[in-house]
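For reference, the structure discussed in these notes is given below.
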Amino acid sequence: MTTLYQRLGGKAVIRQIASDVVAIHYQHPYTHHRYSAKHIPTVERETTNFFTTITGGPHCFNNNTLAQTKQDLAMEEAEFTSILDDVLLALERNQVAQREQEEVLYMLYQLKHSFTLN
């Protein structure tokens, strides 16, 4: 059985998806305030690591990093929803199949209560 990581295309594709997600977030009115241009490479790397880990790739996002991320990204539900929209757009731009899009969004939605303030 193949992992979602493998079905997405591995590290190279996930790196591109993460880069697109960050670029879309940077342009989005709900999430733009979280990023400064000088931190984009770090955010892209951490986003790649996060997606790699949650999709079944090599474990590169540890519990300490996740705990810090949750603290750093505490947000309102509307912002979380806009992030899911941005992720979907990035998945579509990278021609990810419908089934894999649904799996990624489902995994992220399961984290909603970890990141939202509501």
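The values are calculated or read from the model by the stated rules, or taken from the named source; none is laboratory data. Because the structure is predicted, anything quoted here is derived from the model rather than measured. Note: ideal-geometry Cβ built from the backbone for every residue, glycine included; neighbour counts use all protein chains shown.
So in segment 79-118, with the set limited to residues that are at pLDDT 90 or above and of a type in the set (Asp, Glu), which one is nearest to Lys11 (Cα to Cα)? Out of the qualifying residues, it is Glu100.
Tell me yes or no: at least one residue of segment 3-11 is more than 25 Å from His59 (Cβ to Cβ), out of contact with any Asp or Glu (no Cβ under 9 Å at 6 or more places or on another chain), assigned to a helix (DSSP H, G or I) and among the aromatic types (Phe, Trp, Tyr). No, the conditions are met nowhere in segment 3-11. If you check Ser19, Ser36 for being over 18 Å from Met107 (Cβ atoms) and either touching a helix residue (DSSP H, G or I) at 6+ places or on another chain (Cβ under 7 Å) or at pLDDT 95 or above (or both), only one passes: Ser19.
With respect to the stated conditions, Thr48 is among the hydroxyl-bearing types (Ser, Thr, Tyr), surrounded by 17 or more Cβ atoms within 10 Å (Cβ to Cβ) and under 14 Å from the mean Cα position of the chain (by Cα). Determine whether Pro41 is more than 22 Å from Gln6 (Cβ to Cβ) and either modelled with pLDDT of 80 or more or not in a helix (DSSP H, G or I) (or both). The answer is yes for Pro41.
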